[in-house]
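Shown next, in structure tokens, is the structure this report addresses.
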């Protein structure tokens with residue numbers, strides 16, 4: 001059963017709201033992907049904060065019409081699943097990782113930083129470490145000097161104890 005006009009307006013409004021917060025949009029063809037596999041993909045997307053939906057292309061074209069994502073409109077053909085995220089790499093990473101294990105999902109195109117990305121560009125974007133990984137690396141770098149300083153103090157304390165004894 002098709003959507004009535006009110007439902008279509010609601011979908012366009014929902015997608016527009018997601019696009020307002022999104023930095024990245026990734027589209028992939030999903031023909032032949034099993035429903036169970038799509039359920040797993042949706043769960044991974046939710047965990048990563050990615051808005052992931054199968055949408056009618058005409059409705060998404062309306063949603064992107066007056067946004068920075070407007071250049072994607074000409075790429076919206078076929079059976080597509082759309083991933084949108086505020087994290088610059090999350091959408092690309094979720095869809096790329098899933099596509100590696102499921103040959104039925106084919107990355108098509110993406111958009112980041114004002115530029116349309118081809119399949120290779122989406123894969124390159126997906127290879128960048130995510131926000132959480134970068135924060136943990138930064139924390140490790142920041143803790144290294146403190147740990148070294150604490151070890152030096154402990155060694156100095158042992159040396160003084162040995163000298164006093």
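Of note:
- Filtered residues of the range 1-32 (kept if over 19 Å from residue 85 (Cβ atoms), outside any helix (DSSP H, G or I) and touching a helix residue (DSSP H, G or I) at 6+ places or on another chain (Cβ under 8 Å)): 3
- Hey, residue 114 farther than 28 Å from residue 38 by Cβ and in contact (Cβ under 8 Å) with a residue 12 or more places away in the chain or not: yes
- The range 20-47, residues that are surrounded by fewer than 19 Cβ atoms within 10 Å (Cβ to Cβ) and in contact with a strand residue (DSSP E or B) (Cβ under 7 Å, 6 or more places away or on another chain): 23, 29, 42
Read the figures in this text as sums done on the coordinates, not as results from a lab. Being a predicted model, the structure only gives us computed values, none of them experimental. As a convention, Cβ positions derive from the backbone with ideal geometry for all residues, glycine included, and neighbour counts pool all protein chains shown.
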